[in-house]
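Asker: My questions will all concern the structure given below.
The values are calculated or read from the model by the stated rules, or taken from the named source; none is laboratory data. Model, not experiment: these values are computed from the prediction. Cβ atoms come from the backbone with ideal geometry, glycine included; neighbour counts cover every protein chain shown. Ligands, DNA and RNA are stripped out before the accessible areas are found, and what is left, the full protein with its side chains, is counted by its heavy atoms. Shrake-Rupley method; radii C 1.70, N 1.55, O 1.52, S 1.80 Å.
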Amino acid sequence: MSTEESNAKPLEYRTESGELGIVGFWIFLAAEIALFGTLFATYAVLFGRTADSPLPSDLFEPGSVLIMTFILLISSFTCGIAIHEMRRGSVKGLVIWLAITLVLGLSFIGLEIHEFILYAHEGATLQSSAYWSAFFILAGTHGVHVTLGSGWAILLLIQFAQRGITSITSRKVFILGLYWHFLDVVWIFIFTGVYLIGMVI
Amino acid sequence: MANQSRKIPIQHIVGFALSITLTLLAAWTALRSSLPVMWIIIAILTMAVLQAAIQLFMFMHITERGAGHAPWNMMFHAAVIAVILVAGSLFTMSFGFHYDNGGGDSQPEQQQEQHQN
């Protein structure tokens, strides 16, 4: 049995509902890309329409943005390790790495809120200009996704403590992993398209 | 995917190192290099696409056989939609239009200035 298992698909794919659940989640991710595509398009069109509010190049600071980027990159990595540990059958490894991911996710949210408060103090709020509306909606939508992902990870950690690795819980964690990596992909484009380009122009 | 029970996840570590390198390289290109702005934008966007591909292939197991070809199809078509959305919006809304930033009255010379920035 054990030799057979090492050649078989990972546990989360082994039931039909597990497999369909994962395919379904990829469809959801495609829809999310379309959602973020519209937000990026709005942002790109409204770029430079700052009216009387501060310019992005005055407010964006490389330091804090790089720290946020690295936190999210590292959390994406630890989340990948958590899935890897799960496939090796280690509940302890999964819980530890997922908990690290969760802590990193929460600190990312904390930094982002801190950043938004800083911008608001400098006079850049959702209401101040078309540019800043587009910016806060884009970055804020990503932040909301990270917040939801963190809540999701907390719930899954509780469920794991109760039930261990089954075909259902492993499917759930794998899907959370996909979601978390996807958030990192979106952030890469926010980091490049919004912050870096905002500091260059 | 060759061996699920391998102790050290080499693929993840390589992917992680590559993402960190690309992030630093993109930041350096944007903040420290003296390239023309257009080249900087092209370079850092290319690096972002590369990094997204690393996430998809090395962390999200997009080519894993479990879910068939669906993930690859989904991501490819969604990426096409996103590119059409952003490039199409910029083309229809901004192409050839120069916004007079906070100027109020739009004199021809001011618009020329905007064009050069």
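Asker: Against the conditions (1) touching a Ser or Thr at 6+ places or on another chain (Cβ under 8 Å); (2) open to solvent by less than 60 Å² (accessible area, probe 1.4 Å); (3) more than 7 Å from every other protein chain (Cβ to nearest Cβ); (4) modelled with pLDDT of 95 or more, where does residue A:41 fall short? Just the number, please.
Answerer: Checking residue A:41 against (1) touching a Ser or Thr at 6+ places or on another chain (Cβ under 8 Å); (2) open to solvent by less than 60 Å² (accessible area, probe 1.4 Å); (3) more than 7 Å from every other protein chain (Cβ to nearest Cβ); (4) modelled with pLDDT of 95 or more, the one that fails is (3).
Asker: Just to verify a result, which residue in region A:90-117, among those that are within 14 Å of chain B (Cβ to nearest Cβ) and open to solvent by 50 Å² or more (accessible area, probe 1.4 Å), is farthest from residue A:198 (Cα to Cα)?
Answerer: Ranking the qualifying residues of region A:90-117, first place goes to A:97.
Asker: So which of A:37, A:18 ends up being closer than 30 Å to residue A:96 by Cβ and part of a helix (DSSP H, G or I)?
Answerer: Matching residue, one of A:37, A:18: A:18.
Asker: Just the residues that are open to solvent by 20 Å² or more (accessible area, probe 1.4 Å) and within 18 Å of residue A:37 (Cβ to Cβ), please, taken from region B:66-78.
Answerer: B:73, B:74, B:76, B:77
Asker: Tally time: how many residues in region A:118-139 are surrounded by fewer than 17 Cβ atoms within 10 Å (Cβ to Cβ) and closer than 14 Å to residue A:68 by Cβ?
Answerer: Selection size over region A:118-139: 1.
Asker: Which ones in region A:63-80 are surrounded by fewer than 24 Cβ atoms within 10 Å (Cβ to Cβ) and either farther than 15 Å from residue B:16 by Cα or of a type in the set (A, V, I, L, M) (or both)?
Answerer: A:63, A:64, A:65, A:66, A:67, A:68, A:71, A:73, A:74
Asker: Tally the residues that are open to solvent by less than 10 Å² (accessible area, probe 1.4 Å) and either part of a loop (DSSP other than H, G, I, E, B) or acidic (Asp, Glu) (or both), restricting the search to region B:51-65.
Answerer: 3
Asker: Answer with yes or no whether residue A:165 is assigned to a helix (DSSP H, G or I) and among the aliphatic types (A, V, I, L, M).
Answerer: For residue A:165, the condition - assigned to a helix (DSSP H, G or I) and among the aliphatic types (A, V, I, L, M) - is not met.
Asker: Does residue A:12 fit the bill of being open to solvent by less than 10 Å² (accessible area, probe 1.4 Å), more than 7 Å from every other protein chain (Cβ to nearest Cβ), under 21 Å from residue B:58 (Cβ atoms) and not aliphatic (A, V, I, L, M)?
Answerer: So residue A:12 fits the description; yes.
Asker: Answer yes if at least one residue in region A:159-169 is buried (at least 20 other Cβ atoms within 10 Å of the Cβ), over 15 Å from residue B:62 (Cα atoms) and among the polar types (S, T, N, Q), and no otherwise.
Answerer: There is at least one residue in region A:159-169 that is buried (at least 20 other Cβ atoms within 10 Å of the Cβ), over 15 Å from residue B:62 (Cα atoms) and among the polar types (S, T, N, Q).
Asker: Looking at A:111, A:148, A:104 in this structure, which one is in a helix (DSSP H, G or I), more than 18 Å from residue A:69 (Cβ to Cβ) and within 15 Å of the chain's Cα centre (by Cα)?
Answerer: A:148
Asker: Between residues in region A:48-65 that are more than 9 Å from every other protein chain (Cβ to nearest Cβ) and residues that are loosely packed, with under 14 Cβ neighbours inside 10 Å, which pairs lie under 7 Å by C-beta distance while being six or more apart or on different chains?
Answerer: A:53/A:123; A:54/A:122; A:54/A:123; A:59/A:122
Asker: Here's another thing I want to ask about it. Pairs under 8 Å by beta carbon, first residue under 11 Å from residue A:190 (Cβ atoms) and modelled with pLDDT of 95 or more in region A:125-146, partner surrounded by fewer than 17 Cβ atoms within 10 Å (Cβ to Cβ) and not aliphatic (A, V, I, L, M), six or more apart or different chains?
Answerer: Pairs that qualify, where the first residue is under 11 Å from residue A:190 (Cβ atoms) and modelled with pLDDT of 95 or more and the partner is surrounded by fewer than 17 Cβ atoms within 10 Å (Cβ to Cβ) and not aliphatic (A, V, I, L, M): there are none.
Asker: Out of the residues in region A:167-196 that are in contact (Cβ under 8 Å) with a residue 40 or more places away in the chain and over 15 Å from the mean Cα position of the chain (by Cα), which is farthest from the other protein chains (Cβ to nearest Cβ)?
Answerer: A:168
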